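J.: Take a look at the following structure, please.
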2 protein chains.
Amino acid sequence: MARPRTPLLDRERITTTALQLVDEHGDFSVPQIAKRLGAQTGSVYHHVDGRDGIVELLRERVASVIDPGTLSQTPWDTALEAWARSYRAAFAAHPKAIPLLMTSPVRAPRVLEQYERAVTLLLDAGFAVADIMPLLVAVENLVLGSALDLAAPETMWELTPDAATPRLAEALAAVGEGRADRAFEVGLEGLMTHARALRVHGKRS
Amino acid sequence: MARPRTPLLDRERITTTALQLVDEHGDFSVPQIAKRLGAQTGSVYHHVDGRDGIVELLRERVASVIDPGTLSQTPWDTALEAWARSYRAAFAAHPKAIPLLMTSPVRAPRVLEQYERAVTLLLDAGFAVADIMPLLVAVENLVLGSALDLAAPETMWELTPDAATPRLAEALAAVGEGRADRAFEVGLEGLMTHARALRVHGKRS
């Protein structure tokens, strides 16, 4: 018999399986990956740099659909805003991966390279160096919170029939459809306006 | 023998056990709760309104430490900002509960009541009714993203020794300690400034 054309184990298949587990349960274990792939746990470890290595493979996989062209747009605020939108879309596809990836240190070279490009964008735009990481992380926090919100049901507040919350009912009725998108737009507009003010302040000082 | 003074099952103990499971694994099942409490799964269902009912008990428990006095402060922007800070602290204590609670509809009466108060605050401050939910949700998205970020390691970016990302290294060195707090402050200041502008615009129209 010829060898199977797809090897039982490789980093791609391990990453795909880990992402399936995270999409289902918000977490994964190496034995669970081995079981799904019909392999021994020790064999999985042979292909990756431990559990932490699999987390970094997940990070690269999820972040790989962030459009790399966004950070090359001009001017800098168009670039930052486009990057934030693409970042939200990438993580909205895997909301259960967000807590895992937000609470593990970033080691994946391709992801570090994206941060390098974002920092370079803001340095070149004239931001004070001490302002850059707080601003980028603030944008990420809004983006990732908004990505989780995209996974929420369209009817997020189920009011009681006794109308105990009439003003909440009125405010919800006034929003209509696209609640999650409108909230993200308000938040992003707020952060972008603040970023423009920070930049002018940074240039003066 | 006298009856035990603590009943084996009640809503408080079911909630505490569900929260322990969520803090550990990001999720819970009713059979897991029953097992930890040494009870039958059917007995747990006898005390709560299904799995969804337990999610709402979790929501009430986590939200119960949001300071209820914040929304009574004056003026409105002081109140909204204090509420956002208290909200972040409450959820930062249970980061793994965030995706579960953000993606399940809100039914808990005490939590709906908090939204009613927040909407009332902004209506009374003069916001256009259609602007209120997008603004509140934008604040929540930033708050919950920032709560997850508080659970991140202090050294979140582990740079490679070959200095492939020199500008990221420079930006990180310039921030120093309290990275997560500084990012939250930048984000909150941006949203509060935007909220003040939205209010003036709403009053005009």
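J.: Taking A:A130 as the residue in question, decide whether it is surrounded by fewer than 22 Cβ atoms within 10 Å (Cβ to Cβ), in contact with a helix residue (DSSP H, G or I) (Cβ under 7 Å, 6 or more places away or on another chain), of a type in the set (G, A, S) and under 29 Å from B:P109 (Cβ atoms).
T.: Values: surrounded by fewer than 22 Cβ atoms within 10 Å (Cβ to Cβ): yes; in contact with a helix residue (DSSP H, G or I) (Cβ under 7 Å, 6 or more places away or on another chain): yes; of a type in the set (G, A, S): yes; under 29 Å from B:P109 (Cβ atoms): no.
Spelling it out, it is not the case that A:A130 is surrounded by fewer than 22 Cβ atoms within 10 Å (Cβ to Cβ), in contact with a helix residue (DSSP H, G or I) (Cβ under 7 Å, 6 or more places away or on another chain), of a type in the set (G, A, S) and under 29 Å from B:P109 (Cβ atoms).
J.: Here is a further query. Which numbered condition in (1) of a type in the set (A, V, I, L, M, F, W, C); (2) touching a residue at least 40 places away in the same chain (Cβ under 8 Å); (3) within 29 Å of B:A125 (Cα to Cα) is the only one that A:A197 fails?
T.: The one condition A:A197 does not meet is (2).
J.: Now for a separate question. Please find, among B:V22, B:V62, B:V111, B:V119, the residue that is away from chain A (no Cβ under 12 Å), assigned to a helix (DSSP H, G or I) and among the β-branched types (V, I, T).
T.: B:V62
J.: Select from the range A:85-108 the residues that are hydroxyl-bearing (S, T, Y) and not in a helix (DSSP H, G or I) and write down the one among them that is farthest from B:V186 (Cα to Cα).
T.: Checked the range A:85-108; the qualifying residue farthest from B:V186 (Cα to Cα) is A:S104.
J.: Scan the range B:122-136 for residues that are more than 7 Å from chain A (Cβ to nearest Cβ) and either within 22 Å of A:L188 (Cβ to Cβ) or within 11 Å of the chain's Cα centre (by Cα) (or both) and jot them down.
T.: Across the range B:122-136, the qualifying residues are B:L122, B:F127, B:A128, B:D131, B:L136.
J.: Could you look through the range A:77-91, keep only residues that are crowded, with 19+ Cβ neighbours inside 10 Å and of a type in the set (A, V, I, L, M), and pick out the one that is nearest to A:I54 (Cα to Cα)?
T.: Looking at the filtered set, the residue picked out is A:A84.
J.: So is B:M192 within 7 Å of another protein chain (Cβ to nearest Cβ) and within 22 Å of the chain's Cα centre (by Cα) or not? Before you say what the answer is, go through the steps one by one.
T.: Values: within 7 Å of another protein chain (Cβ to nearest Cβ): no; within 22 Å of the chain's Cα centre (by Cα): yes.
Here the answer is no, as B:M192 does not meet what is asked.
J.: Would you pick out the residues in the range A:165-176 that are more than 11 Å from B:L123 (Cβ to Cβ) and either more than 7 Å from every other protein chain (Cβ to nearest Cβ) or in contact with a strand residue (DSSP E or B) (Cβ under 9 Å, 6 or more places away or on another chain) (or both)?
T.: The initial filter retains those residues of the range A:165-176 that are more than 11 Å from B:L123 (Cβ to Cβ), namely A:165, A:169, A:172-173, A:175-176.
Passing the criteria: A:T165, A:A169, A:L172, A:A173, A:G176.
J.: Identify, please: which residue in the range A:137-157 is surrounded by fewer than 13 Cβ atoms within 10 Å (Cβ to Cβ) and out of contact with any Ser or Thr (no Cβ under 9 Å at 6 or more places or on another chain) and is, among those, farthest from the other protein chains (Cβ to nearest Cβ)?
T.: Residues of the range A:137-157 surrounded by fewer than 13 Cβ atoms within 10 Å (Cβ to Cβ): A:153-155.
Among the residues that remain, those that are also out of contact with any Ser or Thr (no Cβ under 9 Å at 6 or more places or on another chain) are: A:154-155.
Numbers: A:E154: 10, A:T155: 6 Å.
Going through the qualifying residues, I end up with A:E154.
J.: Here's a follow-up. What pairs come up if the first residue lies in the range A:159-178 and is more than 14 Å from B:L136 (Cα to Cα), the second is among the polar types (S, T, N, Q), and their beta carbons are under 6 Å apart, counting only those six or more places apart or on different chains?
T.: That search, which allows pairs on different chains as well, returns A:L159/A:T165.
J.: Picking from B:A97, B:A63, B:A93, B:A84, which residue would you name as being free of Cβ contacts under 8 Å to residues at least 40 places away in the same chain and under 10 Å from the mean Cα position of the chain (by Cα)?
T.: Working: B:A97 fails: free of Cβ contacts under 8 Å to residues at least 40 places away in the same chain; B:A63 fails: free of Cβ contacts under 8 Å to residues at least 40 places away in the same chain; B:A84 fails: free of Cβ contacts under 8 Å to residues at least 40 places away in the same chain.
Unique residue meeting the criteria: B:A93.
J.: Does A:V44 meet the test of being more than 11 Å from every other protein chain (Cβ to nearest Cβ), buried (at least 20 other Cβ atoms within 10 Å of the Cβ) and assigned to a helix (DSSP H, G or I)? Steps first, please.
T.: Numbers: more than 11 Å from every other protein chain (Cβ to nearest Cβ): yes; buried (at least 20 other Cβ atoms within 10 Å of the Cβ): yes; assigned to a helix (DSSP H, G or I): yes.
Here the answer is yes, as A:V44 does meet what is asked.
FYI, it's all coordinate maths here, none of it is from the lab. Every value quoted in this text rests on a predicted model; they were computed, and no experiment measured them. Glycine also receives a Cβ, built like all others from the backbone with ideal geometry; neighbour counts cover every protein chain displayed.
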